[in-house]
Amino acid sequence: MKTEALIAMLANGPVQVAPGAVARRVLAAVAVGGAVALGVVLAALRLRPDLAAAVHAPMFWLKLAVPVVVAALAIVAVRRLARPGGRAGPVVAIGAVLAVVLAAFAVADVALAPAGERAAIVLGRTALPCVVLVTALSLPGLAALFVALRSLAPTRLRAAGAAAGALAAGVGAAIYALHCNEMTLPFVAVWYALGMAVPAALGALLGPRWLRWS
Amino acid sequence: MEDVEEALRSALLLALSGDNEAYVAFLTRTGAHLRSYFRRRLASSPNDVEDLVQETLLAIHNRRHTFEPTARLMPWLYAIARYKLIDLLRAQSPRRAIEVALDDDEGIAELVHADASPAETRRDLAKLLDALPDRYRLPIVLVKLEGRSVAEAAQATGISQAAIKVGIHRGLKKLAAIVAKRR
């Protein structure tokens, strides 16, 4: 086919597109992933029984804030990486600084605790379920975000996959926090972080293969 | 650079708000830039250039909803062109794919300045043809560029029809070799 014929063909039909497609599709994927994760928590895992009392504890909100901040930074990165040529941008550096701050507070918490309690405030009682369930609750969001990204046009596929993983993880971990009754910062800094790192790594691993578009 | 950016960008914005004539202009001019950019990168396989131009125009069309109206256009176009080029090279020659991947943002100037309007292309080709001896050059000019038949070309030059055909064939090969050497 001649190139002019191709151009004529492409222009022969509706060319108009509504602005904001990237934001819409990413937000829709987050909503789908979050809704599935919330459904699983409500139906299978149950909310923590003392939720009504826990909402008065600052630690409850801090535990929720960590994944929410991860999701907020990651959604900026995903929206940028979803476009041709897009880079994650400054959110990576901001996230790194915040991670260092979180780690510093966690270390201080451990250091200030009586020697006999140190292990307990780091390990808690649900370390393994935390990592496994945060990862599991992130998977629906990761799948939905991959579908969305395939309809967009990322060109840095590994970074886009990692950002999608981090976004899904932030949403999944925030919803898991409604079930989890651990109330120490070191626990969040270690096990929530690990649980969120797994989907991010998975996204980075799968991105180059699964986010290809043509 | 600003001129190209502004002209193409305003054409695309018009197109995205429903002006299909602006879209034809946008794709045609973008195609010219792509052609020239790919031609440099694919000098060893010139047959792939037009295919890749078409593939890229198709990708631009299918992914046009990912262009942010407030953003610059050329980085967006270049990222798509480079993505498609790497895709093609990955299948042919993984090493060259890595080279292009490493170009990163340097190649963007090449895409912007790559002005392959048909006129420019013909001038370029004319220069290349001058390097060929008459027995190759005349058959190509008469048959391939002016569109005459082999018989007419034979009559006009006094060369036999068989020699015209051989001249076209060898001449085009020689041209490809010259282009490849220029890289």
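Nothing in this text is a laboratory measurement; each read-out follows from the coordinates by a stated rule. What you are looking at is a predicted structure, and each value in this text was computed from that prediction instead of being measured. As a convention, Cβ positions derive from the backbone with ideal geometry for all residues, glycine included, and neighbour counts pool all protein chains shown.
Residues of region A:62-104 with backbone nitrogen within less than 17 Å of a virtual label 7 Å along the Cα-to-Cβ line of A:A111, please, listed as ranges. Counting backbone N atoms under 17 Å from the label point, the list is A:100-104.
Considering only A:G20, A:F187, B:Q161, the residue lying farthest towards the positive end of the dipole of the protein assembly as shown is B:Q161, judged by Cα position with unit charges set on Cβ. With a Förster radius of 30 Å applied to the beta-carbon distance between A:L123 and A:A44, the computed FRET efficiency rounds to 0.75. Compared with the dominant Cα axis of chain A, that is its longest principal axis, helix A:157-176 is turned about 40°. Helix A:21-40 sits at what angle to the longest principal axis of chain A, using alpha carbons and giving 0 to 90 degrees rounded to 10? Helix A:21-40 and the main axis of chain A meet at about 40 degrees. Within the listed set A:A77, A:A162, A:A113, the residue fluctuating most in the Gaussian network model of chain A (springs between alpha-carbon atoms under 10 angstrom) is A:A113. Output the 0 to 90 degree angle, nearest 10, between the alpha-carbon long axis of helix A:193-210 and the longest principal axis computed from the alpha carbons of chain A. Helix A:193-210 and the main axis of chain A meet at about 20 degrees.
Placing +1 on the Cβ of every Lys and Arg and -1 on the Cβ of every Asp and Glu, with nothing else charged, gives region A:1-117 a dipole about its Cα centre of roughly 500 debye. Pairs of Lys residues in the protein assembly as shown, spaced 8 or more positions apart or belonging to different chains, with C-alpha separations under 30 angstrom: 25 in total.
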